[in-house]
1. Taking 7 Å along the Cα-to-C-beta vector as the label spot, tell me the ASP129-GLU154 distance in nanometres, rounded to one decimal.
2. Starting from the Cα-Cα distance between ASP65 and SER236, subtract it from 0.36 nm times their residue separation and give me the gain in nm to one decimal.
3. Subtract the Cα-Cα distance of TRP381 and LEU453 from 0.36 nm times their separation in residues, and report this length gain in nm to one decimal.
4. When the label point is put 7 Å from the Cα of ASP222 along its Cα-to-beta-carbon vector, which residues of region 241-256 have a backbone N closer than 20 Å?
5. Within straight cross-link reach of LYS349, meaning Cα distance under 18 Å, which lysines are found once same-chain residues fewer than 8 apart are removed?
6. Work out how much length ASP85 to ASP303 would gain on full extension: take 0.36 nm times their residue separation and subtract the Cα-Cα distance, in nm to one decimal.
7. Based on a Kirkwood Rh over C-alpha pairs, give the Stokes-Einstein translational diffusion coefficient of region 173-313 at 10 °C and viscosity 1.306 mPa s in µm²/s.
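Since every read-out is calculated from the coordinates, none of them should be taken as a lab result. Note that the coordinates shown come from a computational prediction; the quantities given were computed from them, not determined experimentally. Cβ placement follows ideal geometry from the backbone for every residue including glycine, while neighbour counts extend to all protein chains displayed.
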Amino acid sequence: MSRLPSPRPDPALAADPSLQANPGTPVRPEETDVTLLDSRQAAARPAPAPAATQPSAEAQGASRDPRVRLEALFDPGSLSLLSADDTSGVYSGTGSIDGMTAVAFASDPRVQGGATGSAGCEAIVTAYDHAIEAGAPIIGLWHCGGARLREGVESLHAVGTVFAAMTRASGKVPQISVVLGPAAGGAAYGPALTDLVILSGQGRIFVTGPDVVRSVTGEDVDMERLGGPEPHGRRSGVVHVVSETDAEAIGQARRLALLLGRHELAPGTSAAADDGADLGAMLPESARRAYDVRPLITGLLDDPGIELHPRWAPNIVTTLGRLAGRTVGVIANNPLRLGGCLDATSAEKAARFVRMCDAFGVPLVVIVDTPGYLPGVGQEWDGVVRRGAKLLHAFAEATVPRVTLVTRKAYGGAYIAMNSRALGATRVFAWPSAEMAVMGAVAAVRILHRRALAEVPAERRHEAEAELAAEHEREAGGLPRAIALGVVDEIIEPAKTRQALAQAIAEAPPARGAHGNIPL
């Protein structure tokens with residue numbers, strides 16, 4: 001099939017139309033990916049051969065057939081198509097995931113690079129209507145070049161109806177996106193509107209492709225660096241889970257759909273949790289030493305959960321898993337990163353997670369070990385006040401059972417923000433060695449007694465600070481004072497943690513927030 005070279009793309013078209021495959025007759029499968037870069041330039045040159053270190057999708061055994069992908073997502077033999085087998089570029093259907101009803105749609109990258117027009121968008125909207133009516137999770141398998149060029153404004157309007165359907169479903173049914181190939185232009189915003197985004201090793205998400213970026217800004221970038229796992233898994237926070245293969249990505253989608261769609265305790269299952277391992281042994285002996293909180297989370301849950309955003313804002317950990325048989329969302333400060341301080345990005349990350357769990361009735365477990373908010377000019381300029389307020393609002397608004405455990409320390413504004421009693425925590429527990437204060441005792445006396453300490457000889461200053469800190473702790477009250485005020489309900493031994501948290505969640509009345517899950 002011969003093609004004529006095309007002129008350099010017009011910068012005015014950089015928003016996203018030039019990312020799409022050339023509409024019309026279906027293109028050959030081996031041509032679809034290159035057209036996602038910029039169809040008018042890419043058509044003039046042959047598709048590059050796969051790099052030796054990057055096997056092709058075919059070499060990895062991944063199928064581009066949307067029906068095969070849907071069948072891999074659902075239980076064997078359960079797929080029932082909702083859309084016709086045509087050139088719309090989208091397949092949609094219902095099926096079951098471990099017996100749970102679910103709805104899904106898949107782009108067809110074999111037809112115009114998966115670009116969607118009015119018919120394909122209608123298939124997606126129909127799938128959403130079906131999911132909302134059934135109260136079932138909906139999963140999108142994306143490999144799409146955005147809106148079809150030849151349909152013009154009609155395709156743009158159609159893509160907008162998909163966004164409206166996603167917003168209508170927000171907070172009503174879980175929405176999961178699995179990006180298996182390039183998701184460009186309007187197809188980038190589709191996953192971003194959903195609750196969870198999983199990126200396969202071949203997945204790429206970007207609004208404008210590399211050729212357009214190069215022509216408009218002069219920046220030389222490829223698809224992976226522009227919209228692959230590194231930028232979206234670590235820098236932008238667009239992607240919640242990164243998987244190496246399509247099969248792994250689809251498997252993670254099944255697990256997450258079950259966690260959000262079947263989160264209640266199964267009938268006939270006991271809510272009791274055995275004591276399990278001594279979680280306190282997972283902390284270092286010195287309270288000054290950093291440690292990774294993730295093994296503690298794993299020890300708390302029945303089985304290893306799924307961590308969301310593991311590389312983005314890693315000073316706070318957000319994990320979905322099961323405790324005593326029911327789904328819980330775990331939020332934990334991670335002292336291994338930034339000492340466990342909250343900052344602008346981690347507060348925003350946690351706030352979105354709180355709102356998602358609240359929207360779907362998933363109880364929250366909050367593990368606190370933080371010295372406060374990260375100070376600095378960069379943080380203030382980065383909006384730590386505005387973005388930190390999102391976490392305060394999310395917790396104060398939440399209605400699901402939410403239990404807090406203070407393991408080592410909870411200081412300053414971060415004490416309040418991490419699901420304190422003042423924000424409506426269902427129960428607040430603390431380990432015997434926990435500390436609660438406006439700031440650490442030594443830091444406090446250096447402010448309160450700075451003049452007196454300045455008169456102390458340098459060789460005795462450390463001793464004087466220790467004496468004043470001990471006196472300050474007695475006066476401020478610490479943990480005993482928190483118990484007396486009722487802001488801490490109970491001091492528990494680390495070995496009894498699983499049982500105490502599971503019981504507190506089981507005894508709390510179930511609830512679900514009446515709000516959507518806007519991408520904060």
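1. So the two model labels end up 1.9 nm from each other.
2. Full-extension gain reported as 58.6 nm.
3. Residue separation times 0.36 nm, minus the Cα-Cα distance, leaves 22.6 nm.
4. From region 241-256, the list is 243-246.
5. Leaving aside lysines fewer than 8 places away in the same chain, those within reach of LYS349 are LYS390.
6. Result: 74.5 nm gained on full extension.
7. The Stokes-Einstein estimate is 90 µm²/s.
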